[in-house]
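Input: a single structure, listed below in structure tokens.
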Amino acid sequence: MSEAQTAARVIGRYALFAQIAAGGMAAVHFGRLLGQAGFSRTVAIKRLHPHLAQDPEFVSMLLDEARLAARIRHPNVVSTLDVVALEGELLVVMEYVHGDSLARLLGTLRKEGARVPPAIASAIVSSVLYGLHAAHEATSESGEPLGIIHRDVSPQNVMVGTDGIARVVDFGVAKAAGRIQETREGQLKGKIRYMAPEQLKRGELDRAADIYAASVVLWECLVGRRLFDDDNEWKIADAILAGVTTAPSKLVPGVPAELDAIVLRGLSTDRTLRFRTAFDMAAALEEAVAPSTPRQVAAWLEKVADESLRVRAAKLAAIEGQSRALPHGEDSQPSGSDASQTGASSPRAAEPPPAERPLAEGLEPSHTSVGTAQSFAPSRARRSSAWAAGLGAVAGIFVLGLFAWGFGFVRTAPQRSSEPAASLGPRPEESAPKPPALATASAAPSAPEVSPVVEAEPEKDAQKSHTEKIGGGSASGSGKVTPGPRAKPPVADRTKPPVAACEPPYFFDANGVKHFKPECL
């Protein structure tokens, strides 16, 4: 079984595989992002050494710097994708670039006694400078300059991809690493040979420090050896502070003289004499020597690093095949306290769906976002249904009340009928005692009873209507009832024979009050 297959370790949502390279601060591994629905992606994971991962100050600083580095978006910068602090590990997850570091390429060339062609060097270093300029100009979300400085520009932090593009690596790590170096008993550790004089003096740094380091890289590409090549770091520091340099064209025949001025200006010990920006130096470099195209850079890379690229491609194929068998998405999440670092096991995932969460007190759905308002649609529908049901019940009670009242009114109010009034018999309530003078007349079956007409006051009319309701009956008047002013009818003529229209000689108005027809009196 290969090293790639035996080195797999899942930390959070990342699978850690074989080591690509190692340094004094960390080791770089192949990695795979294990997403949901079988999604996966190859990444490069910088795994910090345990003594750094356990240093709270370093971890805090690294996290802050990584957040800043995430603001750099440029084709010549390897993106920092994530920082993971889990299970005692501190991982910096970066975009994977299939290619090789410039440090390995220069090492291979030195063994062969070769150098980087000037046009290839112009393409690689100008790309590095463009990436640095993007970092120097990066701003926050509110547009404020972030003042990002790499602080560790070196061949180890330059990746040349098989696509022919050179990229700067490790933004967000160098500053924290430099802080650790400076706090260890006053010793300077790391790649001192690429530090600017002001950095060695621990003075204030700006973008000029990165321009100086890029100039050292350019010198080494053109000459084929290190600019400060000594095993004693203090001697290296002295040489940097003294500014002892030699123009590349004096050491390597064939190097264009136009490059000498660019290199020596970038290596000036006075930072105010260097190029104002990395962009300016890149433009000057491209004007001095036309850079090779990405296709030409890719062909040069495959020629120099053919063997290492084939070995790396084989490892990558094995890793991608093995990662398909690893759990993805929710199945790859750790348990316990580490679960909060992942998606599916986080507290947010344990919350109920939006439609089941109660609406905050005093907050109407219209005050929420579109998505939130939609999520409350079922609750709003239930409230609307409840209101509709309540209103329907009230309406039903109201209708029933009207029906009951109307039923009582029908029993007491005169009924309109198309049948002749003569077919109706006398009203039961008219059998009440009447004046003696009319008693005989009221008993005659051929003539209806005639009660004395007395203009009643409203209270008496109401009492009479109430009496009629109690007595019941179905008597009704004929003809249309037209309410109008109540006038005192003339005294009835008892000798005048009744006519058909006067059977009966009375009618009831809309209020149930009995009136006698004037023409029948």
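The values are calculated or read from the model by the stated rules, or taken from the named source; none is laboratory data. Keep in mind that this is a model prediction, so the values were computed, not measured. With ideal geometry, Cβ positions are generated from the backbone for all residues, glycine too; neighbour counts draw on all protein chains shown.
Here are some notes:
- Residues that are modelled with pLDDT under 90 and within 20 Å of residue 92 (Cα to Cα) occur at least once in segment 153-170.
- Residue in segment 78-101 that is in contact with a Phe, Trp or Tyr (Cβ under 9 Å, 6 or more places away or on another chain), outside the structural domain of residue 219 (by TED's automatic domain parsing), buried (at least 22 other Cβ atoms within 10 Å of the Cβ) and within 27 Å of residue 287 (Cα to Cα) present: yes
- Residue 292 touching a helix residue (DSSP H, G or I) at 6+ places or on another chain (Cβ under 6 Å), of a type in the set (Gly, Ala, Ser) and either more than 17 Å from residue 84 (Cβ to Cβ) or modelled with pLDDT of 70 or more (or both): yes
- Scanning segment 88-110 for residues that are aromatic (Phe, Trp, Tyr), in contact with a Ser or Thr (Cβ under 6 Å, 6 or more places away or on another chain) and not in a strand (DSSP E or B) turns up at least one hit.
- When 122, 127 are checked against the criterion of being under 25 Å from residue 263 (Cβ atoms) and touching an Asp or Glu at 6+ places or on another chain (Cβ under 7 Å), 122 stands alone in meeting it.
- Matching residues in segment 222-268 - criterion: being part of a helix (DSSP H, G or I) and of a type in the set (Asp, Glu): 233, 238, 258, 260
- Against the conditions (1) more than 25 Å from the chain's Cα centre (by Cα); (2) at positive phi, residue 38 satisfies every one except (1).
- Criterion (crowded, with 16+ Cβ neighbours inside 10 Å and over 26 Å from residue 155 (Cα atoms)) met by exactly one of 41, 13, 47, 32: 13
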